[in-house]
Amino acid sequence: MNPGNINKEDFLPLLEQKFSKELSREIIQFPIIEFPAKLKLGRENDKVKFFPIVIKGSIRVVKFDASNNEILLYNITKLESCILSITAAMRDSLMPGIAFTNEPSAIFAVSGEKADEWMEKYDCWRNFVVDLYDQRLGELITQHDIVSKQKDEISIQKKEITDSITYAQRIQNALLPPHEYIDSILPEYFILYKPKDIVSGDYYWLSRSDNKTIVAVADCTGHGVPGALMSMLGISALNQIIKSNNDFHASDILNELREQIKISLRQSSQNSETKDGMDIALMILDFSNNVLEYAGAYNPVYIIRKGELIEKQPDKMPIAIHPLMNDFTNHQLEISKGDSIYLFSDGFADQFGGPKSKKFMYKQFKELLIKISEKPMNEQKRKLENTFEQWKGQNIQTDDITVLGLKI
């Protein structure tokens, strides 16, 4: 259809199916505009300069939600018009939606001022506008019913998924060491454990072997369900390592843990698709000889002694396939009565909040631990929880959080 070669009067029989002869003749005085398929027509909240009367193809009118998802309001087909643009023209207001062509289309582009004028002049136009209102209202009601039904279905699905994840939480919590067991092998301690979601990619693990206590805090790749699956894999591997060997150092445990994770995830080379793994701080406490062994994959250990913080640095490689695959370093140091020792994931330090919505950061985390280190462990936990909530404010929790503290 080439507007330059069109005899507009050829469209009179078509228009007269909907309008009077007088109104049809007025309509053909306006230009015909052709559009290709999938073309955006104008912008949302534009001033209406003309409204369409479709003579070929079809056009959809939509809005976008906060996530930029398209919400269909209605389609305009042959001998129909856009009730939103007509109403906006009559009220001299902005177009509250936006239009796209579904296919190659053509319209008479009627000047916006005619919308109001024709309401006074032609009964057929008034009936046309009322019919459009009724039709669009019916379509919107239908859309509302569809959305309501989908919402109900989504709510049911969400509940089923949430119930399933909540059950997974019970399984995960059952794999964590029970507090009665921890009470039996540790002196004064606390564990701050705050999953970002229902289940966590963080875990803490403890065991007793030959009068030595092994304590670990790990942070798996991801959080939620993927992180939780990794955490269960890590717990299972650590249990197997301790069960099969009674003579080990902290670094030996991490070396073996890495091997088991690589095998379980089939990480055969650095080019493996699966790069998942975990960061971990693990220590072996020999209370009878006042000796601590530590090895770490990205996660350090803090010891606070008489107000001074001692930090043992981890190896910069994870429990996973990695370009650097050396043996983990074994650190050994003496511990003294009154020392406070902390293992943790990066969730606390990485939490966004405060007046400028910045990360809490390790510097501030260290200062906080030094400040509270002389207090009883249950009070230290309470101080950490309160500080975290005040810092987080209205922000969402960024990551899983685990902080384990104990006093010698």
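Pop the C-beta distance of PHE287 and ILE310 into the FRET formula with R0 = 25 Å and round what comes out to the nearest 0.05. According to the calculation, E is roughly 0.85. For the pair HIS249 and ALA174, a Förster radius of 30 Å applied to the C-beta separation gives a FRET efficiency near 0.55, rounded to the nearest 0.05. Would segment 137-255 count as rounded, prolate or oblate if I go by the C-alpha gyration tensor, calling it rounded below 1.5 in a/c and otherwise prolate when a/b exceeds b/c, oblate otherwise? It is prolate, given that a/c is not under 1.5 and a/b is the larger ratio. Extending 7 Å from the Cα toward the beta-carbon at both SER336 and LYS121 defines two label points whose distance is 9.9 nm. The residues of segment 37-150 expose, per residue, 53 Å² of accessible area to a 1.4 Å probe. For the residues ALA106, ALA297, ALA320, a GNM of the chain with alpha-carbon springs under 10 Å puts the largest fluctuation on ALA106.
Amide hydrogen proximity for VAL48: with H placed 1.01 Å from N in the peptide plane, the residues at 5 or more positions away or on another chain lying under 5 Å are MET95. Using the Cβ-Cβ distance between ARG60 and SER264 with R0 = 30 Å, the FRET efficiency computed as 1/(1 + (r/R0)^6) comes to roughly 0.05.
Helical runs (DSSP H, four residues minimum) scored at -39500 (n - 2.57) apiece and divided by the length of the chain put the mean residue ellipticity at 222 nm at -12000 deg cm²/dmol.
Model label sites at SER357 and LYS392, defined 7 Å from Cα along the beta-carbon direction, differ in position by 1.7 nm. For segment 146-276, the relative contact order comes to 17 percent (Cα pairs under 8 Å, sequence separation of at least 6). Within the chain, the longest segment free of exposed loop sites, counting trypsin sites (Lys or Arg not before Pro) that fall outside DSSP classes H, G, I, E and B and have at most 14 other Cβ atoms within 10 Å, spans 50-265. Under the shape rule built on the C-alpha gyration tensor, where the axes satisfy a ≥ b ≥ c, segment 33-113 is oblate, since a/c reaches at least 1.5 while a/b does not exceed b/c. Taking a span of 20 Å or more along the helix axis (Cα atoms) and a mean Kyte-Doolittle hydropathy of at least 0.0 as the rule, the DSSP H helices of the chain that qualify are 224-244. Note down the nm distance, to one decimal, between modelled labels 7 Å out along Cα→Cβ at THR166 and at LYS49. Rounded to a tenth, the inter-label distance reads 5.7 nm.
Of the accessible area of the chain, computed with a 1.4 Å probe over protein heavy atoms only, carbon and sulfur atoms account for 50 percent.
A simple count of charges around LYS114, restricted to other residues whose Cβ falls under 10 Å of its Cβ and scoring Lys, Arg +1 and Asp, Glu -1, yields -3. Can you tell me how segment 285-408 classifies by the Cα gyration tensor, rounded, prolate or oblate, using a/c under 1.5 as the rounded cut? Oblate shape, in that a/c is at least 1.5 and b/c is the bigger or equal ratio.
For Cα Rg over 2.2 N^0.38 Å, pick the label among (1) 1.04; (2) 1.59; (3) 0.89 that corresponds to the value derived from the coordinates. Identified label for the calculated read-out: (2).
The values are calculated or read from the model by the stated rules, or taken from the named source; none is laboratory data. These figures come from a predicted structure and were not determined experimentally. Neighbour counts run over all protein chains shown; Cβ positions are idealised from the backbone, glycine included. Heads up: the accessible areas ignore ligands, DNA and RNA and are worked out on the full protein's heavy atoms, side chains in. Shrake-Rupley method; radii C 1.70, N 1.55, O 1.52, S 1.80 Å.
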